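Below you'll find the structure, written out as structure tokens, and then a few comments.
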Amino acid sequence: MELRAAREADLAGIAAVRRSNGPAHHDSGVNPHYCRFLIAHGHLWVAVDDGAVVGFAGAIDVDDARLLADLYVHRQAHGRGVGTTLLAEVLRDAAATFTFASSDPAAHAIYARCGMLPTWALVTMHGAASRLASSPLAARDIGAAQAAAFEEAHGRSSVLRYWAERSGTRVLGAFAETALVGTAIVHLEGATMHVEHLVADDAFASAVLAATSAATRADTIEAYVPVVRPLHGKLLAAGFEAVDTSMFMTSRPGVVADRLQVVHPGLC
């Protein structure tokens, strides 16, 4: 078996591995644009056996920490140590590591052996936009550069540009008069707004979400919300439901900024 950095010719094999493991998010190995982003701006490794891709691992750097975004092995190659080998390679030389793990206990054990310990849950919240209180803020489209400046995350500008260029996605800013108080990345599918990244102080989080919903005229909202943020409790109180959960596992606390109210599990 050969381990190496992924290249363009591997994209079809990567997609096949991801599809063998069930339904996939649009930011995953089934999306060539996402894979090309990891090749150019992150880390994407493949395991190749007899000329075929049997597994892949993707990661991106967030400041000095590394986010494990994807780790998948083709179902026909499970149990051969492919995942463990890929994991060691894609996380090599990282000062700190973190991931958002599925409910698979075997995966949790593998990540724990790599020094990443469970810290809090990331919950996919789902509910009607009408359940949110009206917002005093106004949301409008902004550029990736303005979002990066607000987030004080210039090193993440490549991620924000990726989102800005993705079909069906908007980069929004929420304003109190002329002051920018929050940013949000939303992906629109019909009348549903998938909120994948939202940055604001705790006091503004729910108002930013409501303003974003109003700007997109969404009927339904889905958002990845850490249980440790006040926004999680506010959405529960508003009647939103938890439809999925993953576990934030990390080798060092503090790698996810406190102002990050909605966290994309593969891009942060």
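The values are calculated or read from the model by the stated rules, or taken from the named source; none is laboratory data. Computed from a prediction, not measured in an experiment: that's the story for all the values here. Cβ coordinates were reconstructed from backbone atoms using ideal geometry, including for glycine residues, and neighbour counts include every protein chain displayed. For the accessible areas, the whole protein counts, side chains as well, though only heavy atoms, and no ligand, DNA or RNA atoms are used. Shrake-Rupley method; radii C 1.70, N 1.55, O 1.52, S 1.80 Å.
Some observations on this one:
- Debye equation applied to the C-alpha atoms of the range 94-173, log10 I(q)/I(0) at 0.21 Å⁻¹: -1.04
- The calculated FRET efficiency for the pair Thr84 and Gln146, based on their C-beta separation and a Förster distance of 35 Å, comes to about 0.25.
- Average projected area [Cα convex hull, the range 125-166], square nanometres: 4.5 nm²
- Put simply, the range 104-236 fits an ellipsoid with semi-axes of 26, 19, 15 Å; these come from the alpha carbon gyration tensor as the roots of five times its eigenvalues, largest first.
- Calculated translational diffusion coefficient of the range 40-128 (37 °C, 0.692 mPa s; Stokes-Einstein with Kirkwood radius over alpha-carbon pairs) equals 233 µm²/s.
- The chain - Rg and Dmax from Cα coordinates, angstrom: 18.5, 61
- Solvent-accessible area of the chain (1.4 angstrom probe, protein heavy atoms only): carbon and sulfur portion equals 50 percent.
- Cα point-scatterer Debye curve for the range 174-268, base-10 log of I(q)/I(0) at q = 0.11, 0.16, 0.17, 0.18 Å⁻¹: -0.31, -0.66, -0.74, -0.83
- Note on the chain: helix-only mean residue ellipticity at 222 nm, from DSSP H runs of 4+ residues weighted -39500 (n - 2.57) and normalised by residue number, equals -8000 deg cm²/dmol.
- Computed over the alpha carbons of the range 143-192, Rg followed by Dmax gives 11.4, 33 Å.
- Protection proxy ranking, peptides 186-199, 81-94, average beta carbon neighbours within 10 Å, highest first: 186-199, 81-94
- Hydrodynamic radius of the range 1-44 by the Kirkwood approach over all distinct alpha-carbon pairs: 10.7 Å.
- Gained length - Ala128 relative to Ser20, 0.36 nm times residue gap less alpha-carbon distance: 35.6 nm
- Net length gained if the chain between Arg252 and Asp61 were fully extended (0.36 nm per residue, minus Cα distance): 67.3 nm
- Equivalent ellipsoid semi-axes, the range 216-268, via Cα gyration tensor eigenvalues times 5, rooted, Å: 22, 13, 11
- Based on C-alpha pairs under 8 angstrom that are at least 6 apart in sequence, the chain has a relative contact order of 21 percent.
- Computed packing ranks the peptides 172-183, 107-118 as 172-183, 107-118, most packed first, by mean other Cβ atoms within 10 Å.
- Per residue, in Å², the accessible surface of the chain once ligands and nucleic acids are set aside, probe 1.4 Å: 44 Å²
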